[in-house]
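Taking it in order: structure first as structure tokens, then the write-up.
The values are calculated or read from the model by the stated rules, or taken from the named source; none is laboratory data. What you see is a predicted model, and the numbers here were worked out from it, not measured in a lab. Glycine also receives a Cβ, built like all others from the backbone with ideal geometry; neighbour counts cover every protein chain displayed. Note: accessible area is taken over every heavy atom of the protein model, side chains too, but ligands, DNA and RNA are not part of it. Shrake-Rupley method; radii C 1.70, N 1.55, O 1.52, S 1.80 Å.
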Amino acid sequence: MGVVKSKEDLIKLRESCRQLVKVRVQGEQIEDLTQITVFMGNSGFRSGAKEIMNHFFSKLQELGAQDIVVLQADSSGLVAFEPLVGVKRPGSEQVLFGKVNLEKADEILQDFIINGKSIDGILALTNS
Amino acid sequence: MQNYKMHMLVCGGTGCKSANADQIVLNLKKALSECGMSDDVSVTQTGCFGFCEKGPIVKILPDNTFYTQVKPEDANEIVTSHILYGRKVHRLLYKDQTTQEAIEDSKHMDFYKKQHRVALRNCGFIDPGNIEEYIARDGYLALADCITSKSREEVIQIVKDSGLRGRGGAGFPTGLKWEISSRYDDDQKYVVCNADEGDPGAFMDRSILEGDPHAVLEAMAICGYATKASEGRIYIRAEYPLAIKRLENAVKAAEEYGFLGEKILGTDFSFKVSLTFGAGAFVCGEETALLRSMEGGRGEPTTKPPFPSEHGLFGKPTTINNVETFANIPVIIRQGAKWYRSMGTEKSAGTKVFALAGKINNVGLIEVPMGTTLREVIFDIGGGIKNGKKFKAVQTGGPSGGCLTEKDLDTPIDFDNLIAKGSMMGSGGMIVMDEDSCMPAVAKFYLQFTQEESCGKCTPCRIGTTRLLELLELICNGEGTLDSLEELRRLSMVIKDTALCGLGQTAPNPVLSTLNAFWDEYVAHVVEKKCPAGVCTKLLDYTIHADKCKGCTMCFRVCPAGAITGKVKEVHIIDVSKCIKCGACMDTCKFNAITRG
Ligand SMILES: Cc1cc2nc3c(=O)[nH]c(=O)nc-3n(C[C@H](O)[C@H](O)[C@H](O)COP(=O)(O)O)c2cc1C
Ligand code: SF4
Ligand code: SF4
Ligand code: SF4
Ligand code: FES
């Protein structure tokens with residue numbers, strides 16, 4: 001890395017450096033973000049939840065979305081519905097989607113989260 | 001650049017490192033690589049999280065999981081359970097002190113809820129060894145802003161308007177200090193950072209330097225710009241090897257990136273920083289003694305005026321500030337004076353870092369807005385008194401401060417309130433005492449420290465602290481009288497008024513404040529010859545209770561003074577005139593037949 005020659009260079013450098021701490025900043029601001037929780041545990045893992053989680057990660061990366069975070073949690077016990085995904089908007093309750101495949105994952109992200117449309121498949125139970 | 005999905009932060013502060021945190025880092029990396037997840041999850045060593053008592057700390061992000069007392073052998077489970085399957089390692093989670101419930105994320109820990117981290121904003125967040133992480137947190141932007149688009153006067157005005165007061169103890173307005181320094185013209189001027197931190201039990205400056213060294217360097221450069229100084233020196237005690245290493249690396253990185261050195265960011269401003277190592281004498285934290293020591297002379301205070309702003313290092317105009325004072329500067333410049341003033345009280349703006357120690361559950365480092373009450377700090381953040389004991393007093397301001405009691409708990413903490421209560425802010429040490437602490441013994445402890453650390457230059461302090469200590473020893477040994485108490489008070493006032501520097505002037509504070517708040521306890525020592533807290537050994541009587549004694553002869557056998565007599569299966573007796581109060585008999589008796597009081 002060479003010498004930073006101006007304030008403008010520093011601001012540019014900051015943009016690229018931000019990637020280094022992005023995940024930590026998300027943690028710091030977690031209440032203000034939309035949280036996508038993928039339920040894992042051994043059963044979730046076997047049902048393919050890891051692929052779903054990775055899919056969310058790469059989609060978010062593509063979109064460059066800053067206000068959505070992907071979290072992983074232990075299996076909720078609703079094994080029959082796995083891969084199970086929860087979505088929690090700031091200040092509201094988590095809603096759950098069961099048997100999520102890649103297509104459903106896209107729908108959840110694009111239509112439900114980003115475009116704010118109501119979509120099918122919300123499970124009529126809360127996770128507690 | 002790597003695109004990690006999760007971050008693992010391992011505390012790299014002195015406390016956690018001494019508990020094998022480095023091995024945790026290695027083991028986590030190894031476990032990740034064995035699971036093929038090295039590209040998904042990063043492991044970073046940060047500065048102190050403040051929760052040192054429960055270290056080593058490992059924090060996982062973005063879910064804010066806070067693992068405490070982690071051992072290197074836990075690394076595997078953290079990775080195979082939490083990282084791979086989202087199953088938190090329950091036994092390592094922090095347990096709430098009152099409910100004993102495991103807390104899943106740090107945002108819900110009482111310890112952090114009431115904290116507001118400004119000076120500590122990057123501690124436990126960034127890798128202090130990576131300047132780019134500091135830059136990601138807007139690092140060096142305040143400096144860039146000052147030198148490219150603000151006049152010196154504007155910079156000083158912001159610091160003045162912010163209401164920032166020196167965090168090294170005296171609470172002098174920082175902006176005013178800078179303004180005074182800027183008025184003196186000379187071919188050479190200095191900025192000095194006071195990182196001596198001699199207050200026993202205090203480690204806020206060390207943590208800032210270890211966790212966020214660039215913040216201090218950036219602030220020193222800003223101060224250099226505002227006061228027309230081209231050279232900065234950090235006076236740091238040699239006992240802080242990790243802070244020294246991190247600072248040296250930071251200086252090097254800042255030079256490579258062009259934030260220190262010649263013509264910074266293409267402007268005409270040049271500034272360099274170097275380190276001077278102190279030998280760890282308390283008096284060398286006093287600014288004039290510090291400057292003499294830096295020049296290679298004896299660390300002895302000199303009379304003020306002249307003040308360092310006019311006549312400082314090598315006789316040149318010098319602005320000297322404390323580490324924490326500096327750490328506030330870059331944020332103040334970026335977020336503005338008004339923002340800073342929105343925290344704290346009218347006369348003490350902003351936040352303050354405190355080191356909680358003593359008989360408190362959450363020993364560690366915290367930062368709260370000025371005006372937070374002692375009760376909130378001790379009971380909400382600090383988790384209350386250890387082992388369910390009763391709160392007795394809290395010593396603020398270290399050996400220069402005084403102790404505050406139950407009736408002061410709802411006092412909002414700021415510079416002026418603490419002074420009004422007979423104590424002071426000092427550098428932010430807070431030592432909590434419970435019902436088992438003996439206050440004359442506490443005063444004696446502090447006087448032992450100041451008496452030993454007195455540089456000996458002036459008589460009131462050299463002889464006076466020695467006399468004070470003698471009196472306190474007399475009292476704690478049961479040889480004092482009511483006259484000793486009067487003498488203690490009189491001598492304290494004389495020393496306060498006549499000592500040359502702050503060390504001597506404040507040394508009697510622990511004596512005066514305990515005399516005021518715990519007069520009865522002193523009287524018990526000199527009149528009844530009793531130590532109500534059961535601490536002063538010479539004042540304790542050991543008694544064997546006939547109803548409980550089984551005549552097992554154990555006490556007879558351990559007594560080193562031959563003070564116990566008795567036959568097998570008969571009640572034993574202590575001869576008080578022979579007893580040297582060692583306590584061995586009480587520790588040995590299996591039947592709780594011996595008591596002390
Ligand atoms: C005995 C004694 C010890 C001191 N020790 C320290 C110290 O360790 N660190 C510190 O910053 N200031 C210490 N001070 C205060 C300094 O003299 C000085 O006021 C301070 O460094 C100024 O910086 P500030 O305005 O940012 O607080 C000490 C003062 C006295 C009298
Ligand atoms: S007050 Fe004590 S430490 Fe200060 S100059 Fe006098 S003898 Fe030295
Ligand atoms: S050890 Fe206890 S029980 Fe045994 S003789 Fe001594 S006082 Fe009595
Ligand atoms: S306190 Fe020590 S000296 Fe006194 S009686 Fe017990 S063992 Fe003997
Ligand atoms: S040193 Fe690790 S939490 Fe303080």
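Listing for the model above:
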read-out	value
Per-selection metrics, the range B:130-184 (Cα): Rg and Dmax in Å	13.5, 37
Equivalent-ellipsoid semi-axes of the range B:475-597, from the Cα gyration tensor, Å, largest first	41, 13, 11
Pairs from B:Lys529/B:Lys590; B:Lys392/B:Lys444; A:Lys117/B:Lys88 whose Cα-Cα separation, in the structure shown, is over 24 Å	B:Lys529/B:Lys590; A:Lys117/B:Lys88
Where B:Thr450, B:Thr302 fall by accessible area, highest first, once all protein chains stay in place (1.4 Å)	B:Thr302, B:Thr450
Estimated FRET transfer efficiency when R0 is 35 angstrom, pair B:Phe591-B:Asp410 (beta carbons, to 0.05)	0.20
D_trans [Stokes-Einstein, Kirkwood Rh over alpha-carbon pairs] for the range B:535-597, 37 °C, 0.692 mPa s, µm² s⁻¹	288
Part-to-part distance (alpha-carbon centres) for the range B:34-103 and the range B:361-414, which is given in Å	29
Residue mean of other protein chain beta carbons inside 10 Å, A:8-15	5
Relative intensity, log₁₀ I(q)/I(0), of the range B:88-222 from a Debye sum that treats every alpha carbon as a point, q = 0.09, 0.14, 0.17, 0.18 Å⁻¹	-0.40, -0.85, -1.13, -1.22
Solvent-accessible area buried by B and A, counting both chains, probe 1.4 angstrom, square angstrom	3500
Tail weight of P(r) past 22 Å, computed on alpha-carbon pairs of the range A:17-128, percent	28
Relative contact order, percent, the range B:439-528 [alpha-carbon distance under 8 Å, six or more residues apart]	38
Cα extents of the range B:131-340 along the three principal axes, largest first (Å)	41, 36, 32
Table column - 3J(HN,Hα) (Hz), the range B:194-208, Karplus curve with 6.51, -1.76, 1.60, x for Gly and Pro	8, 10, 7, 6, x, 4, x, x, 8, 8, 6, 5, 4, 5, 5
Stokes-Einstein translational diffusion, the range B:175-251 - Kirkwood Rh over all Cα pairs, 1.567 mPa s, 4 °C, in µm²/s	97
Expected-Rg normalisation [2.2 N^0.38 Å, Cα atoms] applied to the range B:410-516	1.07
Candidate lysines - alpha carbon under 22 Å from B:Lys272, same-chain residues fewer than 8 apart omitted	A:Lys5, A:Lys7, B:Lys150, B:Lys177, B:Lys189, B:Lys228, B:Lys245, B:Lys252, B:Lys263, B:Lys316
Helical contribution to [θ] at 222 nm, DSSP H n ≥ 4, -39,500 (n - 2.57), averaged over the protein assembly as shown, rounded to 500	-10500 deg cm²/dmol
Extension gain, B:Phe314 back to B:Glu479 (0.36 nm per residue minus Cα-Cα distance, nm)	54.4 nm
Computed accessible area, B:Lys590, all protein chains, 1.4 angstrom probe, square angstrom	150
Kirkwood hydrodynamic radius of the range B:383-423, from inverse mean 1/r over distinct Cα pairs, in Å	11.0
Antiparallel DSSP beta bridges within chain A, as percent of all bridges there, nearest 5	60
Kirkwood Rh, Cα atoms: Rg over Rh of the range B:283-325	0.94
Cα centroid of the range A:52-83 to Cα centroid of the range B:501-547, whole Å	62
Whole-percent pair-distance distribution, where bins are 20 Å wide, for the alpha carbons of the protein assembly as shown	16, 41, 30, 12, 1
Computed Kirkwood radius, in angstrom, where 1/r is averaged over Cα pairs of the range B:238-287	12.6
Cα centroid separation, the range B:1-17 to the range B:212-285 (Å)	25
Distance (nanometres) between label positions extended 7 Å along Cα→Cβ at B:Glu435 and B:Asp161	5.3
Per residue accessible area in Å² of chain B, where ligands, DNA and RNA are left out and the probe is 1.4 Å	38
5 angstrom amide H check on B:Gly480, placed H, neighbours 5+ away	B:Ile475
Extent along principal axes [Cα atoms of the range B:351-434; Å; largest to smallest]	32, 22, 21
B:Tyr235, B:Tyr4, reordered so the largest accessible area comes first (probe 1.4 Å)	B:Tyr4, B:Tyr235
Solvent-accessible surface (1.4 angstrom probe) belonging to B:Glu528, in square angstrom, nearest 10	120
10 Å Cβ neighbours from other chains, averaged over peptide B:128-138	5
B:Ile180, B:Ile236, ranked by accessible area, largest first (probe 1.4 Å)	B:Ile180, B:Ile236
³J(HN,Hα), Karplus 6.51/-1.76/1.60, whole Hz, each residue of the range B:161-173, x for Gly, Pro	5, 5, x, 4, 10, x, 8, x, x, 7, x, 6, x
Karplus 3J(HN,Hα) series, Hz, for the range A:28-40 with 6.51 cos²θ - 1.76 cosθ + 1.60 (x for Gly, Pro)	5, 9, 4, 5, 8, 10, 7, 9, 9, 9, 9, 7, 10
Inverse mean reciprocal Cα-Cα distance (Kirkwood Rh) of the range B:1-52, Å	11.5
For A:Gln72, residues with placed amide H under 5 Å, excluding near neighbours	A:Val38
Computed log₁₀ I(q)/I(0) - Debye formula, equal Cα scatterers, no solvent, the range B:10-111, q 0.11, 0.20 Å⁻¹	-0.30, -1.00
Principal axis dimensions, largest first and in whole angstrom, of chain B by Cα	90, 66, 40
